[in-house]
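J.: Would you mind keeping the following structure in view while I ask a few things?
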Amino acid sequence: MFGLNRAKRTTAVVAAAAAAAATALLSAPTAVAAPQPIVGGSTTTTTAYPFVMQITDASQNQFCGGTLVSATKVVTAAHCMVGETTSSVRVVGGRTYLNGTNGTVSKVSKIWINPSYTDATNGNDVAVLTLSTSMPYTTAKYVASTDTSVYATGATARILGWGTTSENGSSSNQLRTATVPIVSDTSCKSSYGSDFIATDMVCAGYTSGGVDTCQGDSGGPLLIGGVLAGITSWGEGCAEAGYPGVYSRLTKFSSLVTTQVNS
Ligand code: ARG
């Protein structure tokens, strides 16, 4: 299986982490990855994206991302919650910087992991956390099960997180964001073979690589048209040419998530 949270076997060919003009993120994506200074992209804030949550350990060390979909419910990846308990996890909202102390810290009263989850490369990579404390932040809408057209090939998707800014690099102290185009299922299947399960996963990235989520971004949002449509799940290395990022295809899990949100 492909390097999931682990050192990888091939050397990264990462685009130079040049500073991107903020305007690059506002404009439509081009076929070639702009050298955006996640991998690629640019810094942003939880003021701009108030629904982006840090998932941390009890000492508030971030290890995954999540998305606030109601005042007390956070969507994240199942693989982020493996081995975790309600007492080992916190959710931190409104904190742009990993080393910040501001924002809202909540304990978790329930961890729902998709019962079909086994491994990210087998799909079903979704979990919902119930918070003990309400988050006073704007929530994200998430796709309905019928919204399957959002994953049109080439559609612009926005990724967000505090993960590493290169394949074997360090996490970003500040929240980062980038946009990446949705990749067709056929193309993603040719990259990943049987590890790509089109019913449960959707891929996004440039053919040439250079912009991607990376370790520590898992569980965080992939937004299409500002709506939560995917969850950062896995990939071969990060930002490698020919290996797009793989995200949970949230339309498949929308009803399951809604059951949890309403529980
Ligand atoms: N599994 C990683 C995490 O736990 C996310 C990897 C995403 N990889 C990628 N190439 N998009 O943070």
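Values quoted throughout were computed directly from the atomic coordinates according to the rules given, and no laboratory measurement underlies them. Just so you know, these numbers come straight off a predicted model, no measurement behind them. Because the Cβ atoms are built from the backbone with ideal geometry, glycine has one as well, and the counts that use them run over all protein chains shown.
J.: Subtract the Cα-Cα distance of A241 and V82 from 0.36 nm times their separation in residues, and report this length gain in nm to one decimal.
T.: Separation in residues times 0.36 nm, less the Cα-Cα distance, equals 54.3 nm.
J.: Could you point to the residue in A198, A178, L228 farthest towards the positive end of the chain's charge dipole, with +1 and -1 charges on the Cβ of Lys/Arg and Asp/Glu respectively?
T.: So the residue we want is L228.
J.: Kindly put R176, R158, R249 in sequence by how many other C-beta atoms sit within 10 Å of each C-beta, fewest to most.
T.: Ranked by crowding around the Cβ, least crowded first: R158, R176, R249.
J.: A further question on this structure: At a Cα cut-off below 20 Å, give the lysines reachable from K252, other chains included and same-chain residues fewer than 8 away excluded.
T.: Here the lysines satisfying the reach criterion relative to K252 are K73, K141, K189.
J.: Less than 17 Å from a label point 7 Å out along the Cα-to-Cβ axis of A152: which backbone N atoms in segment 163-187 qualify, by residue?
T.: Flagged as within label range: 180-185.
J.: Mind checking which aspartates and glutamates have their Cα closer than 16 Å to the Cα of K107? Skip sequence neighbours fewer than 8 apart in that chain.
T.: Of all the aspartates and glutamates, those that pass the test against K107 - Cα under 16 Å, at least 8 places apart if same chain - are D57, E84.
J.: Given the Cα atoms of the chain, and with Rh set as the inverse mean 1/r over their pairs in the Kirkwood sense, what is Rg to Rh to two decimals?
T.: 0.93
J.: How would M81, M201, M53 line up from fewest to most surrounding beta-carbon atoms within 10 angstrom?
T.: Neighbour counts put them in this order, fewest first: M81, M201, M53.
J.: With the Cα gyration tensor of segment 148-252 giving a ≥ b ≥ c as the square roots of its eigenvalues, does the rule (a/c under 1.5 for rounded; else a/b larger than b/c for prolate; else oblate) give rounded, prolate or oblate?
T.: Note, shape of segment 148-252 comes out oblate.
J.: A further question follows. As I understand it, the dipole of the chain uses +1 on the Cβ of Lys and Arg and -1 on the Cβ of Asp and Glu, about the Cα centre. Which of T96, H79, S254 lies farthest toward its positive end?
T.: Result: T96.
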